[in-house]
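The values are calculated or read from the model by the stated rules, or taken from the named source; none is laboratory data. Note that the structure is predicted; figures quoted are calculated from it, not measured. In this analysis, Cβ positions are derived from the backbone assuming ideal geometry, glycine residues included, and neighbour counts consider all displayed protein chains.
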Amino acid sequence: MADLQLLTIELQYYRTRQIELKNTHPGQFAIIRGQELVGIFRTAVQAYAVGVHRFPFGAYLVKEIMVGPMAGIPSGLVDAEQRDLDHLTVERDALAILLERKTKQSGARQRE
C-alpha cells in the first residue's frame, strides 16, 4: 500500500476517534498505524521514539490530539513559534532515524 494511501486511512481513523481522544487525552500524542490506535503518549518525542522502535521500516502516524477552535495553537506568539520549532526538530530527528534505517536496509539488499 502506498504511503499516501496509508496516511489517508490513518487520518480518517483519527477523525472517527477524535472526539473521544480529545475528551480522554487532550494535548497528548497518538500513534496510529492503519486503523489501529497503537498508543497515547505525553510528548511527541515519546511517541516518535516508540513508533521508530515498533515500526523501524514501516509507516505510521503520530498525531497531536488537539482541542478547541484553534487547536494546537498556544495563546502567545513566542510560545507558538517555539512550539513549531520543537515539532520541526522532533520531526527532523525522526525522519533522520528513518532515513538512516532505510539506507541500511537498502544497502543490505544490494549486498545480497
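Here VAL62 fulfils each of the conditions (1) over 28 Å from LYS102 (Cα atoms); (2) at pLDDT 90 or above; (3) surrounded by 14 or more Cβ atoms within 10 Å (Cβ to Cβ) apart from (1).
For region 39-55, which positions are out of contact with any Leu (no Cβ under 8 Å at 6 or more places or on another chain) and touching a residue at least 24 places away in the same chain (Cβ under 8 Å)? Within region 39-55, ALA44, VAL45, TYR48, GLY51 meet the criteria. If only residues of region 11-34 that are over 13 Å from LYS63 (Cβ atoms) and among the β-branched types (Val, Ile, Thr) are counted, the one that is modelled with the highest pLDDT is THR24.
Remark: pairs (first residue in region 6-21, part of a helix (DSSP H, G or I); second residue among the polar types (S, T, N, Q); Cβ separation under 9 Å; 6+ apart in sequence or on different chains) = ILE9/GLN35; GLU10/GLN35; GLN12/GLN35; TYR13/GLN35; THR16/GLN35; LEU21/GLN28.
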